Amino acid sequence: MDRNKFSAIAHRNHAFSNPISKAKIMKMLGIVSPKASDKVIDIGAGKCELLIRLVENYQVTSTAIELYDGSIEEGKRNASTRIPEGSIEFIVEDARTAVERCDPDGYDFGICIGSTHALGGLEPTLKTLKRLVKKNGHILIGEGYWKQTPSPEYLEALGGADESECKSHADTVKAGEELGLIPLWSYVANEDDWDDYEWLYSMSVENYCLENPDDPDCEAMLQRIRTWRRTYLTWGRDTLGFGLYLYRNN
């Protein structure tokens with residue numbers, strides 16, 4: 001079963017592929033309030049919904065970096081009916097390779113939500129965006145954090161994860177401060193946000209398999225989503241958080 005196929009099906013009904021509510025995300029963009037002359041880069045842009053809305057609301061020009069071509073193709077289709085052609089530069093490539101060709105200090109707003117793994121983790125991502133974003137520009141990170149110490153059983157259920165892979169909420173903010181960034185705002189997903197995200201994620205796979213019983217991946221997908229759903233309800237809902245972290249580059 002292809003991991004990207006599973007993720008695309010699970011997220012097919014999500015506007016944004018993370019558990020922060022649309023209202024919080026749009027308020028965060030309002031805090032940044034980009035100018036029409038601003039350049040934005042989104043690393044791990046997925047279906048590019050965030051960039052499309054930035055163009056719709058603020059007329060920015062932007063660059064989307066995404067490894068999975070299926071997500072970019074969906075982003076292109078959505079963009080074609082909503083924003084002027086050429087507003088987004090679409091790059092389908094490994095993020096570490098793509099950012100090497102990006103101009104230092106070339107962007108006013110740098111974004112990486114739920115994709116810091118693409119650049120090797122939180123700190124490397126913050127360092128990369130600090131390099132790409134102009135002085136006094138904005139950096140927006142979306143990152144998981146521990147609400148409490150994860151149990152060994154939960155870490156095992158996550159595929160043998162390590163506690164060091166996430167920080168606390170406070171230490172996630174601090175990671176940017178230690179690189180000289182100025183924290184401006186943060187939102188975290190509350191329980192309703194998480195439930196909206198996780199149940200839609202789960203239901204999308206269940207419905208897809210009901211609608212497409214001849215897909216040879218259905219059995220594996222159902223086993224995976226049902227295991228994940230039990231993991232979320234048993235441990236994840238109380239243990240794993242997700243936050244948006246807005247910084248000013250200093």
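Read-outs: derived from the displayed coordinates by stated rules, not from any lab. Quick caveat: nothing in here was measured; it's all calculated off a predicted structure. Glycine gets a Cβ as well: all are built from the backbone with ideal geometry, and neighbour counts include every protein chain shown.
The table below lists the values:
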{"quantity": "Number of positions in the range 125-159 that are in a helix (DSSP H, G or I) and in contact with a helix residue (DSSP H, G or I) (Cβ under 8 Å, 6 or more places away or on another chain)", "calculated": "8"}
{"quantity": "Residues (surrounded by fewer than 17 Cβ atoms within 10 Å (Cβ to Cβ) and among the polar types (S, T, N, Q)) located in the range 237-250", "calculated": "Asn250"}
{"quantity": "Number of the condition not met by Met1 [criteria: (1) hydrophobic (A, V, I, L, M, F, W, C); (2) surrounded by 21 or more Cβ atoms within 10 Å (Cβ to Cβ); (3) over 15 Å from the mean Cα position of the chain (by Cα)]", "calculated": "(2)"}
{"quantity": "Identity of the residue in the range 138-193, in contact with a Gly (Cβ under 7 Å, 6 or more places away or on another chain) and among the polar types (S, T, N, Q), that ends up surrounded by the most Cβ atoms within 10 Å (Cβ to Cβ)", "calculated": "Thr172"}
{"quantity": "Candidate set from the range 56-106 (those that are in a strand (DSSP E or B) and of a type outside the set (A, V, I, L, M, F, W, C)); member that is farthest from Arg3 (Cα to Cα)", "calculated": "Thr61"}
{"quantity": "Members of the range 207-231 found to be loosely packed, with under 15 Cβ neighbours inside 10 Å and part of a helix (DSSP H, G or I), listed by number", "calculated": "Asn207, Leu210, Glu211, Glu219, Ala220, Gln223, Arg226, Thr227, Arg230"}
{"quantity": "Criterion violated by Thr234 - all others in (1) crowded, with 16+ Cβ neighbours inside 10 Å; (2) over 20 Å from the mean Cα position of the chain (by Cα) satisfied", "calculated": "(1)"}
{"quantity": "Check on Ala64, among the hydrophobic types (A, V, I, L, M, F, W, C), closer than 24 Å to Arg131 by Cβ and either in contact with a helix residue (DSSP H, G or I) (Cβ under 6 Å, 6 or more places away or on another chain) or crowded, with 18+ Cβ neighbours inside 10 Å (or both)", "calculated": "yes"}
